[in-house]
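Visitor: Could you have a look at this structure, given as structure tokens, before my questions?
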Amino acid sequence: MTNGIFTVPEPHNEPVLTYAPGSSERTRLKAELDRQYQQQIEIPLIIGGKEIRTGRTATAVSPHDHQHVLATYHLAGPTEIRMAIDAALQARSRWAALPWNERAAVFVRMAELITTKYRYILNAATMLNQSKNAFQAEVDASCEFADFLRFNVAFMEQIYRDQPRSSQNVWNRMEYRALEGFVYAVTPFNFTAIAGNLTTAPAMMGNTIVWKPAATAVLSGYYLMSLFREAGLPDGVINFIPADGIEAAQVALASPHLAGIHFTGSTTVFNALWATVAANIGTYKSYPRIVGETGGKDYIFVHPTASLPEVAVAIVRGSFEYQGQKCSASSRVYIPRSAWPVVQEDVVRMVKDLRMGDTRDFRNFINAVIDEKAFDRTMAYIGRAKESADVEVLVGGHGDKAVGYFIEPTVLVTSNPSSETMCEELFAPVVTVYVYDDDKVAETVTLLSETSPYALTGAIFAQDRFIIQELTHALADTAGNFYVNDKPTGAVVGQQPFGGARASGTNDKAGSYLNLVRWASPRTIKETFVAGTDHRYPFMDEA
Ligand code: NAD
């Protein structure tokens with residue numbers, strides 16, 4: 001019985017803990033890191049609440065110490081993927097029919113558990129398996145994920161409150177049904193919060209989910225499943241199936257019950273998923289909702305009027321935090337010739353100050369890239385840049401994969417604004433700088449806009465208010481998240497809803513009602529209180 005019009009708790013952003021020496025959070029996180037590092041767990045599939053072991057296994061390792069095995073996990077094949085679809089379909093009717101405030105309570109409780117009991121568990125798993133330092137893990141696995149949950153329940157309420165007008169004798173209502181079928185969530189390695197959001201956002205709206213996590217983030221994924229269960233999420237609402245991406249997609253996208261895809265990852269993979277849906281379009285019961293946030297080639301544009309001390313910090317933090325493996329990381333910089341000498345000196349000094357190594361050593365700002373494939377691909381880019389006559393390595397440029405997949409933060413300077421690393425997404429600790437002539441602002445802005453197919457994030461640095469306005473207008477189509485005098489990373493849920501356009505995704509803005517509304521299929525209900533009893537209209541009468 002829901003005899004009340006309920007209001008969810010006022011959302012707030014989770015305060016970020018510092019992990020400074022002497023703090024209690026530092027002691028607790030270190031203890032949890034030791035615990036997880038010393039054990040080797042076995043991770044089953046979780047389908048309909050049941051643990052399933054297929055015997056086909058892979059290992060979860062630490063990228064910064066790749067011989068260190070953290071877990072062995074079981075892999076789903078076509079049979080288990082079909083089981084997960086069935087479990088999701090079976091759970092759907094009860095879950096979708098549960099009053100929304102009851103569903104909301106599960107996710108609010110989840111947020112509270114994240115920021116207490118699960119804070120150190122999720123942060124440590126993210127540090128060990130995804131090679132994030134303590135601060136990056138905190139802002140991701142704890143704060144951002146708790147923020148997603150708290151704000152999303154408020155957005156859910158906002159959506160449900162949006163009701164049509166009624167007229168005399170008529171009551172119009174809008175019911176925001178769950179989609180008919182299951183939602184297929186495919187998550188990337190780089191944010192534990194994204195894995196949490198891609199699964200919970202549709203679940204919150206009454207949908208049930210088949211979740212294929214990234215192979216390189218299975219450890220935090222498994223702990224997310226423990227959290228979901230402890231928060232009271234019923235069995236079968238989110239089903240966890242680590243699997244080969246292509247194989248899993250073949251089975252999931254062939255189901256007539258596919259109601260939606262919630263994806264974050266590379267543009268190539270998203271295009272392949274969309275093409276498969278298009279090829280199967282005649283077989284689905286409903287048109288699947290396709291939501292995908294994809295790649296980026298994010299920029300910093302410095303105007304001659306910029307204040308320079310902030311620019312170097314933006315380049316260093318924006319490009320190298322989490323080894324440049326944020327979709328929003330700056331990877332190309334356009335800077336006027338007059339500004340470059342000062343900024344260059346600051347950038348080199350700061351980059352040389354960045355320590356690199358194991359995440360358990362809190363002095364390290366830089367850790368490893370995610371796996372050998374990422375290491376080899378990045379070193380190949382750096383190798384080609386070194387051979388190019390147009391490019392100079394300003395700082396960094398070396399890598400070593402003997403113990404962990406370590407690549408020095410690298411700044412390349414190019415005289416060719418169309419050189420490979422100015423155009424393609426590397427997803428690595430590499431940024432390329434193009435120095436332009438101060439009198440070529442307009443030409444450089446055009447160049448920037450036309451250089452890359454992506455439009456995710458971008459930042460401008462300028463002091464002149466007219467210039468800020470002109471650049472904001474001129475660069476309107478180049479970024480879904482646009483920053484003025486700040487680095488292009490670090491979007492906060494509830495403050496800067498996130499997503500890009502062009503080849504960067506469908507721009508459904510994670511962490512806003514715009515995303516949640518994609519997971520609802522509204523039904524309009526018109527009720528007439530006293531209906532007509534005569535089929536004739538007045539105009540039909542004789543004069
Ligand atoms: P990825 O595309 O390699 O993998 C994403 C997911 O897709 C994983 O679960 C993976 O197993 C699966 N997958 C891989 N190949 C597949 C295939 N052929 N068919 C079906 N599924 C497949 O991406 P990643 O390396 O995990 O993450 C990095 C990418 O994600 C970057 O391009 C980055 O820009 C993007 N990203 C974007 C955002 C955003 O909000 N726009 C956020 C985070 C990451």
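The values are calculated or read from the model by the stated rules, or taken from the named source; none is laboratory data. On a predicted model such as this, the values are computed, not experimentally measured, just so you know. Backbone-built Cβ (ideal geometry, glycine too); neighbour counts: all protein chains shown.
Visitor: Quick check, is Thr472 within 16 Å of the ligand (Cβ to nearest atom), at pLDDT 95 or above and either closer than 23 Å to Val316 by Cβ or β-branched (Val, Ile, Thr) (or both)?
Guide: When the stated conditions are applied, Thr472 does not pass them.
Visitor: Could you tell me whether the range 504-524 includes any residue that is crowded, with 19+ Cβ neighbours inside 10 Å, within 18 Å of the chain's Cα centre (by Cα) and part of a strand (DSSP E or B)?
Guide: Looking for residues that are crowded, with 19+ Cβ neighbours inside 10 Å, within 18 Å of the chain's Cα centre (by Cα) and part of a strand (DSSP E or B), one finds at least one in the range 504-524, hence yes.
Visitor: List pairs: first residue in the range 286-299 and near the ligand (Cβ under 6 Å from one of its atoms), second residue polar (S, T, N, Q) and assigned to a strand (DSSP E or B) anywhere in the structure, Cβ distance under 9 angstrom, at least six positions apart or on different chains.
Guide: Glu293/Thr264; Thr294/Thr264; Gly296/Ser331; Gly296/Thr457
Visitor: Turning to a different aspect of this structure: How about the range 205-260: which of its residues are in a loop (DSSP other than H, G, I, E, B) and of a type in the set (D, E, K, R)?
Guide: Asp235, Asp244
Visitor: Is it the case that Phe135 is closer than 20 Å to Ala510 by Cβ and of a type outside the set (Lys, Arg)?
Guide: no
Visitor: While we're looking at this one, here's another question. With respect to Thr489, determine if the residue is surrounded by fewer than 24 Cβ atoms within 10 Å (Cβ to Cβ) and part of a helix (DSSP H, G or I).
Guide: On the way: surrounded by fewer than 24 Cβ atoms within 10 Å (Cβ to Cβ): yes; part of a helix (DSSP H, G or I): no.
In short, no.
Visitor: Let me ask something else about it. Among the candidates Ala20, Ala31, Ala76, Ala71, which residue alone is farther than 30 Å from Gln158 by Cβ and free of Cβ contacts under 8 Å to residues at least 24 places away in the same chain? Show your work before the answer.
Guide: Numbers: Ala31 fails: free of Cβ contacts under 8 Å to residues at least 24 places away in the same chain; Ala76 fails: free of Cβ contacts under 8 Å to residues at least 24 places away in the same chain; Ala71 fails: free of Cβ contacts under 8 Å to residues at least 24 places away in the same chain.
Result of the check over Ala20, Ala31, Ala76, Ala71: Ala20.
Visitor: Of everything in the range 238-267, what is within 7 Å of the ligand (Cβ to nearest atom) and free of Cβ contacts under 8 Å to residues at least 40 places away in the same chain? Give them in sequence order.
Guide: Across the range 238-267, the qualifying residue is only Ile246.
Visitor: State whether the residues of the range 17-36 include one that is surrounded by 16 or more Cβ atoms within 10 Å (Cβ to Cβ), touching a His at 6+ places or on another chain (Cβ under 9 Å) and farther than 30 Å from Gln496 by Cβ.
Guide: The first filter runs over the range 17-36 and keeps only residues surrounded by 16 or more Cβ atoms within 10 Å (Cβ to Cβ), leaving 17, 19, 25-26, 28-30, 32-33, 36.
Then drop every residue that is not touching a His at 6+ places or on another chain (Cβ under 9 Å), which leaves none.
Looking for residues that are surrounded by 16 or more Cβ atoms within 10 Å (Cβ to Cβ), touching a His at 6+ places or on another chain (Cβ under 9 Å) and farther than 30 Å from Gln496 by Cβ, one finds none in the range 17-36, hence no.
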